[in-house]
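Worksheet: one structure, shown below.
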Amino acid sequence: MNINTPVKSQRASALDALRGYAILTMVLSGTIAYGILPGWMYHAQVPPPAHTFDPSIYGITWVDLVFPFFLFAMGAAFPFSIGKKIIEENGIYKAVLNALGRGGQLVFFAIYIQHLYPWVISEPEDLTAWLITLFAFALMFPMFMRLPEKYSVLVRTAIKIAAYSIGIFLLLTLNYANNRTFSTGFSNIIIIVLADMAIFGALAYIFTYKNRLARIAILPFIMAVFLGSTIEGSWTQWLYNFTPVPWMYKFYYLKYLFIIIPGTFAGEYLIDWMKSGPVSEVEKQSENKLAWWMIVLPVILIITNLYGLYTRILVFNLLLTSGLLFAGIFILRNVKTRNAFLWKNLFIAGAYLLMLGLFFEAYEGGIRKDHSTYSYYFVTSGLAFMALIFFSVVCDFFKWDKSCRFLVMSGQNPMIAYVGSSMLIMPLLNIVGIASYLSVFNSDPWLGFLKGLIITGLVAMVTMLFTKIKWFWRT
């Protein structure tokens, strides 16, 4: 092949890989054994062995990166799902309605799954609860799948209406454990936050897709309301507390726009890179050495900040991070190729946010996930940019497809991955009598971690299966 022949195509798997990493580590963090692993294997504010929430503990762990990485990936997807072309062809009005519809579906998803976990249906869990949960899982396919085009619009609509009707009937008529009754206020908080971000993050992008500066300008106003809400009797306090639907929306959730909005910039950088056209082999070969730097530096930056912030060696962490960032900027200073421009844009944005977060670290006592601080938003956004660079090199530059496949395919079907453990894997393991043997893994830290790896691996396999046959859940 001629060395000037373009590489087959330019595609972006990095974003799916980042989303897949976030969702699978979310599963892993919820399935490892509790109480016996080191503190850095859990959320920093709920340390072992009791796992009692303690907001006076500062620092972050790898577990505390999971949710912001997923939020960042959500923001980065907006330019793809509701980008300039889509908005201009369909109009802002339709784009807004679509955002509201997607958010509404996620709210339903949050309420639905929370009520239909087996431990909510029965305590202790029993065969009936596991079977109901499995049925509820299966019912989500006609709810959230895009049904085949070979069916008429009328048939597809009828199937969806029937699925939702059965699901709602199930929610309203089940006899829940502990005398619980159906309530819209009983929902999965993670999905509720994602629903709010699907609405407000999308709206922020829709109305500023032509003006990045205007998009950034939203954030100081959000910050102003948070800061002003502490003043008794102020209108900012009223705005902060106002909610017509408290089970669905709180102004407090808008704090995550500090992660979503930076994510939209990453998505736009990826789109610009994709539009730049295929990369020639000559160009790719010239970037090879730089690509290795873009693997090593992001990983070191992430590990350094996790260790430095968790152990509270703050000055050393600041100095080392500054040195690593300056080294990266120096390495990227004179880039002229398309992949390198992408990495440079992502690196500079990540460096700015990471340093801003470290400068905010002392404010509010120190960085923490709960109750989240400004340092947390900026640091995790900065590290998400670094993680995206890593996946861009591994998945899109070197194309290590076998290594990336389980992340990419899981990232393409995150809703299934999210409930795969609690609504499919564990009910099945309980029904066949295997789940009881998992308690053996709780006796040793290494086995406790292995338990999480096994369950997460099963979730990844199931998600990959549904992705391979193109059974996607979408809102």
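A few notes on this one:
- Among residues of the stretch 432-450 that are touching a residue at least 12 places away in the same chain (Cβ under 8 Å) and more than 16 Å from SER421 (Cα to Cα), those with a beta-carbon under 6 Å from a residue that is part of a helix (DSSP H, G or I) and aliphatic (A, V, I, L, M) at least six positions away or on a different chain give the pairs PHE441/LEU447.
- Of all residues in the stretch 229-257, exactly one satisfies the criterion of being exposed (fewer than 15 other Cβ atoms within 10 Å of the Cβ) and closer than 21 Å to PHE378 by Cβ, namely THR230.
- Here is the figure for the stretch 280-328: residues that are closer than 21 Å to LEU346 by Cβ and of a type in the set (S, T, N, Q) total 6.
- Wholly within the stretch 76-190, helices (runs of 4 or more DSSP H) carrying at least 3 residues that are within 30 Å of LEU254 (Cβ to Cβ) and at pLDDT 95 or above: 92-115, 127-144, 153-173
- Residue list for the stretch 26-39, restricted to those being closer than 22 Å to GLY357 by Cβ and surrounded by fewer than 17 Cβ atoms within 10 Å (Cβ to Cβ): GLY39
- Conditions (1) surrounded by fewer than 17 Cβ atoms within 10 Å (Cβ to Cβ); (2) without any contact (Cβ under 8 Å) to a residue 60 or more places away in the chain; number of the one not met by ILE190: (2)
- When the stretch 265-299 is filtered for residues that are among the polar types (S, T, N, Q) and either touching a Lys or Arg at 6+ places or on another chain (Cβ under 7 Å) or over 28 Å from GLY83 (Cα atoms) (or both), the ones remaining, listed by number, are SER276, GLN285, SER286, ASN288.
- Test: residue in the stretch 253-266 that is among the small types (Gly, Ala, Ser) and farther than 16 Å from LEU354 by Cβ: no
- Residue in the stretch 234-241 that is more than 27 Å from TYR205 (Cβ to Cβ) and touching a residue at least 24 places away in the same chain (Cβ under 8 Å) present: no
- Residues of the stretch 76-115 that are under 14 Å from ASP196 (Cβ atoms) and of a type in the set (Lys, Arg): ARG102 alone.
- In summary, helices (runs of 4 or more DSSP H) completely within the stretch 382-440 and bearing 1 or more residues that are under 26 Å from TRP292 (Cβ atoms) occur at 401-411.
- Taking the criterion of being free of Cβ contacts under 8 Å to residues at least 12 places away in the same chain and assigned to a helix (DSSP H, G or I), the residues of the stretch 293-315 that qualify are VAL296, ILE303, TYR307, VAL315.
- Tallying residues that are surrounded by 24 or more Cβ atoms within 10 Å (Cβ to Cβ) and small (Gly, Ala, Ser) within the stretch 364-388 yields 5.
- The single residue among TYR269, TYR253 that is under 15 Å from ILE199 (Cβ atoms), in contact (Cβ under 8 Å) with a residue 60 or more places away in the chain, part of a helix (DSSP H, G or I) and not small (Gly, Ala, Ser) turns out to be TYR253.
The values are calculated or read from the model by the stated rules, or taken from the named source; none is laboratory data. On a predicted model such as this, the values are computed, not experimentally measured, just so you know. Cβ atoms come from the backbone with ideal geometry, glycine included; neighbour counts cover every protein chain shown.
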